[in-house]
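Notes for the one structure printed next.
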C-alpha cells in the first residue's frame, strides 16, 4: 500500500473543488491520505464514501480525518470489496469517484462510475503508469493488461472527456458528459 503522492493529492483536491463535489466515492481508503485531500477540496457539507477491504486501514483513516478536524459525518467508511459495494450505491448520486484499489478491477470500476456519476461528474484512476510497465511489450502482468483495457475503454467512450495527468504514478481522469 502506497499513499498518493503530494502532487496527486493536490490534483485530487483541486478536482474536487472544481467539481464543487458534495458526494465523492473513493475505492481504496488506505490510511486516509487521499481521503484527506478529497475532503479538503469538497464542499463543507460534502460526504466522502470510502471503500476498503481492510478495516484496520479504515480505522486509521477515521482517526486521520478526525485529527485533521473533519466531523465524523463527513466520511462514510464501508468495508468490503469495491465490486461488491459499488452496486449498492445510488445511481447518479456522486460528483466524483477516485479509484486507488486493485488495478485489475479498474475496467469494472469504470462501468460502475458511469452509473454512479451525475452528468459533469469526474472519475479518476491512480497508478495508471504502473511504474513504467504500461508500455512494456514482454509478457506484462495481468494488472498492466487491465490498465491497457481501461485506457482503451475510456478513449473509445464518447460519453467521457479524458485527460492523463502526469502526477504521482499517473492519474487518469475522465469527465462524464
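A short reminder: the numbers here are calculations on the coordinates, not readings from a lab. Not measured: the values here are computed from a predicted model. Neighbour counts are summed over all protein chains in view; Cβ atoms, including those assigned to glycine, are modelled from backbone coordinates with ideal geometry.
Annotations
- The chain: angle of helix 6-18 to the longest principal axis, Cα-based, in degrees nearest 10: 70
- Pairwise label distance in nanometres, residue 152 with residue 55, each label 7 Å out on the Cα-Cβ vector: 4.0
- The eigenvalues of the Cα gyration tensor, multiplied by 5 and square-rooted, give the stretch 23-89 an equivalent ellipsoid with semi-axes of 18, 14, 9 Å from largest to smallest.
- Residue with peak Gaussian network fluctuation, the chain [Cα springs, cutoff 10 Å], from 131, 112, 26: 131
- Relative contact order computed over the chain (Cα-Cα under 8 Å; 6+ residues apart), in percent: 20
- Relative to the longest principal axis of the Cα atoms of the chain, the long axis of helix 106-116 lies at roughly 50 degrees.
- Among 107, 166, 140, the largest mean-square fluctuation in a Gaussian network model of the chain (Cα springs under 10 Å) belongs to 140.
- Computed from Cα atoms alone, the Kirkwood hydrodynamic radius reported for the stretch 54-177 is 15.7 Å.
- Placing a pseudo-label 7 Å from each Cα along the Cα-to-Cβ vector at residue 91 and residue 145 gives an inter-label distance of 3.3 nm.
- Simple label model, 7 Å out from Cα along Cβ direction - residue 111 to residue 40, nm: 3.6
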